[in-house]
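**Student:** Got a structure for you, questions after.
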Amino acid sequence: QVQLVESGGGAVQAGGSLRLSCAASGRIFSTYAMGWFRQAPGKEREFVAAISGSGGTRYYADSVKGRFTISRDNAKNTVYLQMNSLKPEDTAVYYCAGKRSAFLGASMIPDYWGQGTQVTVSS
């Protein structure tokens, strides 16, 4: 079983930046593809970004391309989401997710979820 704990959320003005972190417990971290999802009030949870176990493959939602960067440090069992040029529409609870495979394949379908961290962007 893998446990995921997010941190780094908060409130920021539009145009600002935040970096989310997700610390993972469990077995060999590099054997898990990792990702970030978000859920805004009244909306369904949506994919944001994903990264393969080695870090060599990354996917992004069109809405965040060029603004967000996903990365990982396998020595620290941690995945990050650097969010720049934040917009009010980025306001959501952000969830870290893990997949029981190092490979992303066609999509990121998680097996594990974190508890979420709130990101609020004001205009």
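The values are calculated or read from the model by the stated rules, or taken from the named source; none is laboratory data. All values derive from a computational prediction rather than experimental measurement. Positions of Cβ are backbone-derived with ideal geometry, glycine not excepted, and every protein chain shown enters the neighbour counts. Protein only, heavy atoms only, side chains kept; ligands, DNA and RNA dropped before computing areas. Shrake-Rupley method; radii C 1.70, N 1.55, O 1.52, S 1.80 Å.
**Student:** When Lys and Arg each count +1 and Asp and Glu each count -1, what net charge do the other residues less than 13 Å away from GLU6, Cβ to Cβ, add up to?
**Tutor:** Local charge sum for GLU6: +2.
**Student:** Pop out the carbon and sulfur fraction of the accessible area of segment 63-122 as a percent, whole number, probe 1.4 Å.
**Tutor:** 52
**Student:** Let me ask something else about it. Any number yet on Rg/Rh for segment 10-73, C-alpha, Kirkwood?
**Tutor:** That ratio is 0.99, to two decimals.
**Student:** In segment 2-105, which GluC sites (Glu not before Pro) are in a loop and have at most 11 other Cβ atoms within 10 Å, using DSSP for the loop call?
**Tutor:** Answer in residue order: GLU44.
**Student:** Give me the accessible area per residue for the chain, probe 1.4 Å, as a whole number in Å².
**Tutor:** Computed with neighbouring chains in place, this is 51 Å² per residue.
**Student:** On a straight-distance basis, which lysines could pair with LYS99 in a cross-link, Cα separation under 21 angstrom, same-chain partners fewer than 8 positions away excluded?
**Tutor:** Candidates past the 8-residue exclusion: LYS76.
**Student:** To one decimal place, what Kirkwood hydrodynamic radius in Å is obtained for the chain from all pairs of distinct Cα atoms?
**Tutor:** 14.1
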